[in-house]
1. Report Rg/Rh for segment 124-179, rounded to two decimals, where Rg is the Cα radius of gyration and Rh the Kirkwood radius.
2. So if I take the centroid of the Cα atoms in segment 11-31 and the same for segment 190-216, what is the distance between those two points in Å?
3. On C-alpha positions alone, give me the angle between the axis of helix 399-409 and the longest principal axis of the chain, in degrees, nearest 10.
4. Sticking to Cα atoms, compute the Rg of segment 284-425 to one decimal and its Dmax as the biggest Cα-Cα distance, whole number, in Å.
5. Calculated FRET efficiency, residue 391 and residue 284, Cβ-Cβ r, R0 41 Å, to nearest 0.05?
6. Could you give me D for segment 180-389, from Stokes-Einstein at 20 °C and 1.002 mPa s, where the hydrodynamic radius is the Kirkwood radius over C-alpha pairs? Units µm² s⁻¹, please.
7. Which peptide among 249-262, 34-47 comes first, and what is the full order, when sorted by highest mean count of other Cβ atoms within 10 Å?
8. Tell me, how many Å apart are the Cα centres for segment 64-120 and for segment 354-369?
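None of the figures in this text is laboratory data; all of them are computed from the coordinates on show. Because the structure is predicted, anything quoted here is derived from the model rather than measured. Heads up, the Cβs are rebuilt from the backbone with ideal geometry, glycines too, and the neighbour counts pull from every protein chain shown.
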């Protein structure tokens with residue numbers, strides 16, 4: 001079948017010889033057992049070589065059904081090719097929700113979970129923390145199941161599998177009763193004003209994002225996503241009052257986080273209540289980018305270090321700003337997933353959306369990584385980074401367990417590639 005030649009952004013060209021779109025799990029098993037090297041392509045929203053292979057690429061686009069909604073236990077089971085936008089519509093129509101969403105709804109659930117993709121919120125784990133069970137096809141073509149119900153705890157290793165274990169054909173996710181949210185945007189928050197107060201700002205909502213173009217030591221916008229109708233205790237500080245005290249002003253119109261861009265495709269703001277899946281993403285569910293004329297990097301540090309790490313980045317903002325479209329700072333709750341950048345620590349993430357100048361961005365990244373090194377920085381697995389493999393491996397205490405799990409599922413390393421050889425093996 002027609003080969004997918006490049007990733008979403010166009011900055012990486014794949015090396016595969018063949019491209020397949022199986023229509024059943026049995027076809028997946030046959031393809032895997034008959035291949036020497038094989039990898040899954042999801043929405044191709046990776047910016048490095050983590051999803052590449054020199055033999056066969058496999059898409060699960062035709063395996064995208066909702067299989068079961070378990071109302072008794074609050075779980076939904078889906079096929080590996082389904083995207084968040086499709087699942088969210090189904091869940092909302094049936095009175096359920098996911099605990100969090102990424103900025104864009106068009107990414108596949110299996111791919112997002114496999115790479116540790118996340119949303120925002122002090123109390124919200126990354127998207128893979130919703131996984132209760134999963135099925136994948138191993139290197140020999142047989143299926144294997146992982147579940148939180150097992151005592152061996154291997155699901156914690158498989159949920160963020162980096163594509164190293166096999167083809168994820170089914171996922172069972174924990175769901176919540178559906179809920180409504182509001183979203184406000186405030187403008188003009190000086191970085192210096194956050195000294196000793198940044199934890200208060202991140203505690204203002206269910207999900208909070210700080211956006212900056214680093215042209216000044218300030219955040220252009222603060223996006224506050226809160227539960228609609230949530231009662232505030234008398235000791236809670238009103239979000240608008242706190243931010244106004246820090247010099248920020250409430251916007252009365254919808255905004256786009258990227259300066260100069262129209263807000264048409266952004267989720268509704270100005271405090272208008274709406275369902276969870278229309279407020280948690282920054283962009284509307286029916287908006288799928290036709291091209292990714294951008295590059296992305298993301299780095300994680302412990303939440304306790306977020307202000308000091310921001311000051312470190314601020315010291316080189318004159319080098320960052322010319323290449324930057326927008327940067328976002330978010331928080332993520334700690335988890336127990338072995339290869340998660342948030343493993344065992346409440347975290348903050350610095351996400352950078354770059355202009356499409358790969359060479360210049362790659363020259364800048366080591367400088368940024370050097371500034372973040374004192375904070376034990378971990379990179380996002382599927383975005384651009386230049387950290388040494390040995391350094392990255394050293395940040396994951398459960399790596400030996402993950403290597404053993406990968407050996408169990410794929411002893412011949414059919415799902416391996418240069419990226420995994422460097423950063424995992």
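1. Values: Rg = 12.0 Å, Rh = 12.0 Å.
My calculation of the ratio gives 1.00.
2. Taking the Cα centre of each part, segment 11-31 and segment 190-216 sit 43 Å apart.
3. Orientation of helix 399-409: about 40 degrees from the principal axis.
4. 16.3, 48
5. On the way: r = 38 Å, r/R0 = 0.94.
Taking R0 as 41 Å, the efficiency between residue 391 and residue 284 is 0.60.
6. Values: Rh = 17.9 Å.
Diffusion coefficient, whole number: 120 µm²/s.
7. On the way: 249-262: 14.5, 34-47: 21.2.
By packing density, highest mean first, the sequence is 34-47, 249-262.
8. 33
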